[in-house]
Amino acid sequence: MDIEKRILSLNQRLQYIKDIFAAKENANIELLESKLKDFTERENTMASSEVGRQLAALEDLYAFLEKKLERELTPMDKVRIVRHPQRVCLKDILENVYDNYTEIGGEGEYNIDPSMLIARAYITRRVGGKLYNQPVMVIGQEKGHGEEYRNGGSVKPWGNAKAQHYMKVAETENIPIHTYVFTPGSYPIEDYPGAAQQIARNLYEMSALKVPIIAVFSEGGSGGAEAIGLSDVRLMLSHGYYSVISPEGAAAIEGHLRDGKRASAELISTCARKLKMTADDNRAMGYIDRVIQEPALGARPEHYDFFKILRSEVIRATDEVVLNVKGWKFFRAMSLQSKRNKRNASAEDIYVRWNMSTGARDRLLWRRYMRFRKMSRHAYVDNSPLSKKFERVMREAGWSMYSFFKYDFVRKHKKKLTHIMEEIGSEMQVVRDKVAGPAHWLREILAPADKAEATLEAEKSLTELSCWDEGACGFDAGEYVSPQAREDRAVSCPNAATHGCKDLWAPDLFGDYAGVCSTCGHHFRMEYQWYLNNIFDYGSIFEFARSVESGNPLSYDGLDAKLEKAKAATGLKCACVTFEARIKHVNVICATLVGTFRGGSVGAAEGEKFVRAAERARKKHYPFIAYVHGTAGIRIQEGVNGVIQMPRCTMAVRRYIEAGGLYTVVYDTNSYAGPVASFLGCSPYQFAIRSANIGFAGPGVIKETTGMDIPPNYHDAHQALSRGHIHGIWDRREVRANLHQALQTMGGRNLYYR
Amino acid sequence: MIDVKALLEEMKSAPFKVVEVVAPHTGLVEHVITEPGLKVVGSRGTWDEKPGTVLCFLERERNKKPIHAPLKGEVEQVFTEHGGKFVEAGTVLYTIRHYLTKDEVIQEILKKTLYLFCAREQAQYYFVPEADTKVKANGPQSVRVREGMELFIVSRMKRETTLPYSGPEGMIYAVYFKENQSVEAGQPLIGVCPPDQLHVISDVVGRVRSEWEERE
């Protein structure tokens, strides 16, 4: 019987190897196959001892060749390893790494979302004869070993919501969170809570979560990975991948494929290689802290040694995070440092208590923020001379100090004083009214009120010319004329069939009507310069961070040429334009994502500019408006450099909002994927211009991943409004007035004009 | 009786209807389909989101608009004399021969054989509550109508009055209006079938469903 089992396992291993290397011819694999076949054929004719010896020899051969094949793994092979049904899944990890666990938030099939698994686990450490039980919250995507109901690890929005809920529970209980990322991507469905918005909410929540978070990446598919991946330490399994998009998706975009045509296998492998998604690449770029070495050709549930390594890595990472912010840490920190490179060093030689004090928690948040702030610095191009950079640093330090003194120091106390005076004043008001009541009544009866002033006003307004808007009477200098308005042609409204719109003359449409159909109100696409001219006060736009340019960090072929073309065509250096401006004399800071530069895709440069704008707004206590002219998501050719902007910018925005700022987002034309799922979707005040399209994934991607046919207006702004993703739809001619009103009435308790 | 069967024979002899495609407004015509005999399709997709085959382009004021085929059929006549020239609104550009489907044939027959009770004025029409429950529960064929019975509620400008049915006695075979839909004057509301004709009509309908070949 034992022989049978061993032969069976050898067969399984052979099948596994064949799956991983797909259809590639390989002498080693053929050798293994032929040897196994010979053995099974001759098995019956041999003596039992002989059989035992031959089998042992065969197993050694297998082990040796697996190690050899390990060196020939390409990135696409690693993708196949990670997606294989025999790969370790979260349940295996829970069984073997943690000492005791209870699954919460559902069990197996009986679950809101079977692809997200949450468990309350225990780690038991024995240090110096004493036993310590340390609880952790384990959150991760679960693929199972090929179970259908797990959806292959594609988490639906309510699954992410479940994860967010339990992260908050962990924060209340003051226990660390270990997250395991096993997802090819998020399920792109827009129903409430909405894929993009929920990921944004998760990121927002995790930015300021006051417990240590350790993330372990096995299969990190962009947005889905970020939903639980924002952490203090990121570990990655050596055969995992972490990328902005799956290789198939990248191949579809590269090959300009449409309508469900498949990309060739070579194109997919080349894309996998170019995207630099393996653990070593990510480690080199600084997005992963440590790589956990797996056994040859990927970890499977029978590799018990691997689980031991994983356990000690995870414990060590948590210890490190906690020790970095604790007060009493000297010797233990030294011990961790020295043992890091030694083999067979167990993390269980020291004990670190994982609950933290309040001061430690604040330090933890600060360290998390600084860690992400420093990432991807190498990925954009900044050609400004050293003197300018130095100048910028000095200026920012100056503002920080000024802001600290004026707002945090003086204003806090001044506010307290004014609040107290206000309270006293309102109490006195009631008393005064009661006392002076009869006196007023008497005065009214004896002499009527003086209405002379009121009538004078009325007379003036009725007989003199009125000036209905400040801009209308003034000098209309610098008015923007759209290039579309210079063509002499007629334009048909796309709603002509349903609403009976007549054709419009282009100069009228794009000039006087501001690109709005006069029958149905459909908004035609207008350039971002129109908005810059018509929303902000004339001459008030002052651009900053102009020197940050989009680069090509992965040396992706073709991207340099495309960027040159885009830079020449638009005159911009990257897709984000950040500037200070005024709206009806209220100073604001605005970050615009321009849809004409590479579709408005966000890369390292755009993320850096956005973060700088958020920090500037925080220091100066200005309201922060993100105007999204159009965004197609994260720039795929920048790979993980782009994806990392999602948590980075969300953290910057969170810090800004917590400092008492007002963050408003206005969507225009098309806004999809990455940015909406992070720093745009987390804003409490999101608005859209009419006829905008907002969503997580486009119709093609949805059709491919879920197989659902979606109605043609699925991503329309009105649909987003009914799902609660945005809070209002504005006509573009009213944006100036509406924004001004938003600035006066919404949020931002600590703005300079409050 | 003979009426119905004769009607069916008549329709079998000419199982198509001819649809004219006219220019919706003035413009310069550029034919895309120039040969008669080509097959065209109308708008497809669950929400009719994929437009039909492009027949020609009509350009006015440098705005080129495609003219799509309205339904499935075969191009019968192409008026190529307008090609490249300026045409007025309403000029016929194509005629399409649309082969009738089973449902369309049945609709035609019913329209001609049933007694149609038409709307007098433009309004929204509803069934009287008793009739309405019967129609919703068991289908329209369960309601028997008599001369002078209160059958409809006419709703216009927020005022409602009842409308009595006048015409031969029988049962409602088909309903041609929907709730909350404004019906114009002269449009049929219901089709009534007298009891003696019922057998014949259902017979014919069954025959059409089984025998009629739909030409692709």
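The values are calculated or read from the model by the stated rules, or taken from the named source; none is laboratory data. Given the structure is predicted, the values throughout are model-derived calculations rather than measurements. For neighbour counting, all protein chains shown are included, and Cβ atoms are generated from backbone atoms with ideal geometry for every residue, glycine included.
Of all residues in the stretch A:703-729, those satisfying the criterion of being away from chain B (no Cβ under 14 Å) and either part of a helix (DSSP H, G or I) or buried (at least 22 other Cβ atoms within 10 Å of the Cβ) (or both) are A:704, A:705, A:706, A:717, A:718, A:720, A:721, A:722, A:725, A:726. Of the helices (runs of 4 or more DSSP H) lying entirely inside the stretch A:1-103, those containing at least 3 residues that are modelled with pLDDT of 90 or more are A:75-83, A:90-97. Under the condition of being surrounded by fewer than 18 Cβ atoms within 10 Å (Cβ to Cβ) and more than 10 Å from chain A (Cβ to nearest Cβ), which residue from the stretch B:55-67 is farthest from the chain's Cα centre (by Cα)? Here the answer is B:57. Each residue in the stretch B:43-54 was checked for being within 10 Å of chain A (Cβ to nearest Cβ) and either acidic (Asp, Glu) or loosely packed, with under 14 Cβ neighbours inside 10 Å (or both), and 6 of them qualify. Against the test of being under 21 Å from the mean Cα position of the chain (by Cα), surrounded by fewer than 18 Cβ atoms within 10 Å (Cβ to Cβ) and either over 29 Å from residue B:14 (Cα atoms) or more than 14 Å from every other protein chain (Cβ to nearest Cβ) (or both), the options B:99, B:94 yield a single qualifying residue, B:99. Considering the stretch A:519-531, the residues that are under 25 Å from residue B:51 (Cα atoms) and in contact with an Asp or Glu (Cβ under 9 Å, 6 or more places away or on another chain) include one that is nearest to the other protein chains (Cβ to nearest Cβ), namely A:525.
Among the criteria (1) surrounded by 22 or more Cβ atoms within 10 Å (Cβ to Cβ); (2) within 19 Å of the chain's Cα centre (by Cα); (3) at pLDDT below 90, the one residue A:252 does not fulfil is (2).
For the stretch A:120-135, a residue qualifies if it is of a type in the set (A, V, I, L, M) and touching a strand residue (DSSP E or B) at 6+ places or on another chain (Cβ under 8 Å), and the qualifying residues are A:121, A:123, A:131.
Looking at residue B:105, is it away from chain A (no Cβ under 14 Å), surrounded by 15 or more Cβ atoms within 10 Å (Cβ to Cβ), in contact with a Phe, Trp or Tyr (Cβ under 8 Å, 6 or more places away or on another chain) and touching a residue at least 24 places away in the same chain (Cβ under 8 Å)? For residue B:105, the condition - away from chain A (no Cβ under 14 Å), surrounded by 15 or more Cβ atoms within 10 Å (Cβ to Cβ), in contact with a Phe, Trp or Tyr (Cβ under 8 Å, 6 or more places away or on another chain) and touching a residue at least 24 places away in the same chain (Cβ under 8 Å) - is met. Across the stretch A:127-163, the number of residues qualifying as in contact with a Phe, Trp or Tyr (Cβ under 9 Å, 6 or more places away or on another chain) and closer than 18 Å to residue A:111 by Cβ comes to 15. Considering each of A:204, A:180, A:166, A:132 in turn, give the residue that is under 21 Å from residue A:98 (Cα atoms), among the aromatic types (Phe, Trp, Tyr) and assigned to a helix (DSSP H, G or I). One residue alone meets the criteria, A:166. Screening residue A:172 with (1) free of Cβ contacts under 8 Å to residues at least 24 places away in the same chain; (2) part of a loop (DSSP other than H, G, I, E, B) gives one miss only, at (2). The set of residues from the stretch A:483-501 being part of a loop (DSSP other than H, G, I, E, B), more than 9 Å from chain B (Cβ to nearest Cβ) and surrounded by fewer than 17 Cβ atoms within 10 Å (Cβ to Cβ) comprises A:494, A:495, A:500. Candidates A:739, A:751: the one that is in a loop (DSSP other than H, G, I, E, B), within 30 Å of residue A:584 (Cβ to Cβ) and over 25 Å from the mean Cα position of the chain (by Cα) is A:751. Could you tell me which residue of the stretch A:362-414 is farthest from residue A:543 (Cα to Cα), considering only residues that are surrounded by 14 or more Cβ atoms within 10 Å (Cβ to Cβ) and of a type in the set (A, V, I, L, M)? Among residues in the stretch A:362-414 that are surrounded by 14 or more Cβ atoms within 10 Å (Cβ to Cβ) and of a type in the set (A, V, I, L, M), the one farthest from residue A:543 (Cα to Cα) is A:364. Screening residue A:190 with (1) surrounded by 24 or more Cβ atoms within 10 Å (Cβ to Cβ); (2) in contact (Cβ under 8 Å) with a residue 40 or more places away in the chain gives one miss only, at (1).
Just give me the residues in the stretch B:1-42 being within 14 Å of another protein chain (Cβ to nearest Cβ) and assigned to a strand (DSSP E or B), in sequence order. The answer is B:27, B:28.
For the stretch B:122-132, the criterion of being surrounded by 12 or more Cβ atoms within 10 Å (Cβ to Cβ), more than 24 Å from the chain's Cα centre (by Cα), over 30 Å from residue B:72 (Cβ atoms) and hydroxyl-bearing (Ser, Thr, Tyr) is met by none of the residues.
Conditions (1) touching a residue at least 40 places away in the same chain (Cβ under 8 Å); (2) over 38 Å from the mean Cα position of the chain (by Cα); (3) surrounded by fewer than 17 Cβ atoms within 10 Å (Cβ to Cβ), marked per residue:
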| residue | (1), (2), (3) |
| --- | --- |
| A:11 | no, yes, yes |
| A:30 | no, yes, yes |
| A:48 | no, yes, yes |
| A:56 | no, yes, yes |
| A:86 | yes, no, no |
| A:92 | yes, no, no |
| A:95 | no, no, yes |
| A:101 | no, no, no |
| A:104 | yes, no, yes |
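Here residue A:232 clears all of (1) in contact with a helix residue (DSSP H, G or I) (Cβ under 6 Å, 6 or more places away or on another chain); (2) surrounded by 24 or more Cβ atoms within 10 Å (Cβ to Cβ); (3) over 17 Å from residue A:368 (Cα atoms) except the condition numbered (3). Scan the stretch A:189-200 and give yes if some residue there is over 30 Å from residue A:718 (Cα atoms) and touching a helix residue (DSSP H, G or I) at 6+ places or on another chain (Cβ under 7 Å), otherwise no. For the stretch A:189-200, residues over 30 Å from residue A:718 (Cα atoms) and touching a helix residue (DSSP H, G or I) at 6+ places or on another chain (Cβ under 7 Å): absent. Just a yes or no: is a residue in the stretch A:136-147 outside the structural domain of residue A:696 (by TED's automatic domain parsing), on the phi < 0 side of the Ramachandran plot, in a loop (DSSP other than H, G, I, E, B) and not charged (D, E, K, R)? Yes, some residue in the stretch A:136-147 is outside the structural domain of residue A:696 (by TED's automatic domain parsing), on the phi < 0 side of the Ramachandran plot, in a loop (DSSP other than H, G, I, E, B) and not charged (D, E, K, R). Of the strands (runs of 3 or more DSSP E) entirely within the stretch B:43-120, those holding at least 3 residues that are more than 30 Å from residue B:174 (Cβ to Cβ) occupy B:54-60, B:63-68, B:73-78, B:92-99. Among the residues making up the stretch B:69-91, a single one is within 14 Å of another protein chain (Cβ to nearest Cβ) and closer than 11 Å to residue B:24 by Cβ: B:89.
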